[in-house]
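*Asks:* Before I ask anything, let me first share the structure, which is written out below as structure tokens.
The values are calculated or read from the model by the stated rules, or taken from the named source; none is laboratory data. All figures in this text were calculated on a predicted structure; none of them were measured in a lab. Every residue, glycine among them, receives a Cβ derived from its backbone with ideal geometry; neighbour counts consider all protein chains shown.
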Amino acid sequence: MRLFFIQIIIIIPFLINAQNTYTLESNRIKISDNGIIYGYFYDTDDTLNFSDIKVPESVNGIKVIGIEAIGLPDKSIRKIDFPDNILYFGSKFLRDQLLDTIKLPSQLLYLGDWAFTNNNFASLKLPSPEKVNHNFTGWNDSIEGHYIVDLSIPQSITYNACFEYLNNEAYIININDVWEDKGNIKKCYYHGSKSIIISSNLGKFNITEIGKYSFYKMGLVNVVINENIEKIGVSAFSDNIIDKLILPFTIHSISKFAFARNRIKKLILPPNIKSIAMGSFENNLIEELQIPESVDSIKSRAFNNNKLYNIEIPAKVKYIGYKAFANNKFKEQNIPKLPFPKQGDKSFLYWQSFKKGRYIRETKDFEEIPVSQCKSGEKMDLNLGYKAVFKEDL
């Protein structure tokens with residue numbers, strides 16, 4: 001009888017712990033096409049105890065490779081168990097919880113800013129991951145580029161596992177290098193080769209869009225974007241050191257600051273581009289520029305601070321933004337001239353020059369203050385903007 005009583009004492013705590021472990025339910029998990037968890041649905045009236053949770057290895061047949069966010073209540077999680085095949089933890093992941101300690105997955109490649117901050121531990125031991133055809137060189141932070149092993153908490157910095165690519169050719173980005181969802185590359189976690197190829201076909205996923213900030217500040221030198229990709233988001237490739245860029249004909253939209261602050265010297269824009277966005281190529285080294293006939297709008301600072309010395313503005317252009325071509329290498333005889341804009345059957349009257357005014361929060365742009373009326377063929381004042389005025393629009 002005593003033996004039976006002792007067995008009960010040992011078994012009951014085990015049963016209690018087992019009951020307190022809560023595995024995230026597949027039907028409540030928000031997960032990308034390629035296995036990045038980015039949210040969890042729960043009701044505020046749920047009586048579930050979230051203090052001890054488990055992340056499943058797969059969700060509806062999709063292998064989990066990263067967690068950008070779970071979104072459970074603050075100060076609720078004391079213990080978490082996740083698969084060792086996790087490669088990425090996103091910004092603010094498990095911030096403001098009650099964790100006493102945590103062991104990072106052995107193949108972790110990325111740790112977002114503020115991840116694990118405001119818990120009950122002060123530091124983390126970073127792993128030494130492996131990657132085929134790569135040599136692991138260490139972890140570095142996104143601000144100073146310092147290589148580190150032990151991570152002090154809290155830190156408002158992103159940390160990346162860095163590699164030396166052992167092959168001579170450019171590295172082809174694969175589906176496990178990115179956060180992909182519905183044809184959009186939302187983030188790239190890869191930090192290895194400085195020369196990359198971005199394909200529109202990542203396994204079974206067809207890519208049509210490269211999302212905002214997805215390849216921001218990665219030290220890239222050469223970038224090739226393959227056919228069938230159509231859109232490039234805000235600051236998608238800004239703050240790299242790109243000097244060679246190949247864009248496919250299929251691209252029809254390049255967002256503001258997409259390639260700002262690089263070292264591009266020669267730029268051939270795709271023939272389906274209609275508008276060149278604000279600051280999209282500013283602060284580069286562009287000497288040769290081909291603007292396609294399809295373009296009808298060049299926004300403010302689009303090519304500001306480059307090395308252009310001669311350009312031709314297409315006839316369809318009816319808007320040239322403030323300082324679109326300022327701070328280049330134009331000599332007096334090569335200053336761009338205002339074209340004679342063509343817009344269907346509309347009758348062109350004159351160009352209205354303008355300078356930049358106050359910022360308008362509603363339009364998220366600057367006020368245009370009129371300066372003077374100009375004729376086609378006149379040399380541009382590179383510190384102003386220009387808007388074509390048609391008789392039918394008055």
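*Asks:* Kindly indicate whether Ser106 is surrounded by fewer than 20 Cβ atoms within 10 Å (Cβ to Cβ), within 27 Å of Ile175 (Cα to Cα), out of contact with any strand residue (DSSP E or B) (no Cβ under 7 Å at 6 or more places or on another chain) and of a type in the set (Ser, Thr, Tyr).
*Replies:* Answer is yes for this residue.
*Asks:* A further question follows. Would you mind finding the one in Ser253, Ser297, Ser238, Ser280 that is without any contact (Cβ under 8 Å) to a residue 60 or more places away in the chain and farther than 27 Å from Pro341 by Cα?
*Replies:* Ser238
*Asks:* In region 81-103, how many residues are over 18 Å from Ile157 (Cβ atoms) and crowded, with 19+ Cβ neighbours inside 10 Å?
*Replies:* 4
*Asks:* Select from region 167-177 the residues that are modelled with pLDDT of 95 or more and of a type in the set (A, V, I, L, M, F, W, C) and list them in ascending order.
*Replies:* Ala170, Ile172, Ile173, listed by residue number.
*Asks:* Just checking, which of Ile298, Ile313 is of a type in the set (A, V, I, L, M) and touching a strand residue (DSSP E or B) at 6+ places or on another chain (Cβ under 6 Å)?
*Replies:* Ile298
*Asks:* Take the residues in region 379-394 that are free of Cβ contacts under 8 Å to residues at least 60 places away in the same chain and assigned to a loop (DSSP other than H, G, I, E, B), then tell me which one is surrounded by the fewest Cβ atoms within 10 Å (Cβ to Cβ).
*Replies:* Leu394
*Asks:* Kindly establish whether Ser353 is of a type outside the set (Val, Ile, Thr) and surrounded by 14 or more Cβ atoms within 10 Å (Cβ to Cβ).
*Replies:* It is true that Ser353 is of a type outside the set (Val, Ile, Thr) and surrounded by 14 or more Cβ atoms within 10 Å (Cβ to Cβ).
*Asks:* Shifting gears a bit: Can you pull out every residue in region 169-200 that is over 26 Å from Gly39 (Cβ atoms) and in a loop (DSSP other than H, G, I, E, B)?
*Replies:* Once the filter is applied, which keeps residues that are over 26 Å from Gly39 (Cβ atoms) and in a loop (DSSP other than H, G, I, E, B), region 169-200 yields Glu169, Ala170, Gly192, Ser193, Lys194, Ser199, Ser200.
*Asks:* Kindly establish whether Ile157 is touching an Asp or Glu at 6+ places or on another chain (Cβ under 7 Å), modelled with pLDDT under 90 and within 30 Å of Ile225 (Cα to Cα).
*Replies:* For Ile157, the condition - touching an Asp or Glu at 6+ places or on another chain (Cβ under 7 Å), modelled with pLDDT under 90 and within 30 Å of Ile225 (Cα to Cα) - is met.
This table checks each residue for (1) more than 30 Å from Phe249 (Cβ to Cβ); (2) in contact (Cβ under 8 Å) with a residue 40 or more places away in the chain.
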residue	(1), (2)
Leu289	no, no
Leu308	no, no
Pro339	no, no
Lys346	no, yes
Gln352	yes, no
Glu367	yes, no
Gly377	yes, yes
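*Asks:* So, in region 343-373, how many residues would count as being closer than 30 Å to Glu332 by Cβ, under 38 Å from the mean Cα position of the chain (by Cα), modelled with pLDDT of 85 or more and not polar (S, T, N, Q)?
*Replies:* Of the residues in that region, 8 qualify.
*Asks:* Take Ser376 and tell me if it is surrounded by 14 or more Cβ atoms within 10 Å (Cβ to Cβ), among the small types (Gly, Ala, Ser) and over 38 Å from the mean Cα position of the chain (by Cα).
*Replies:* yes
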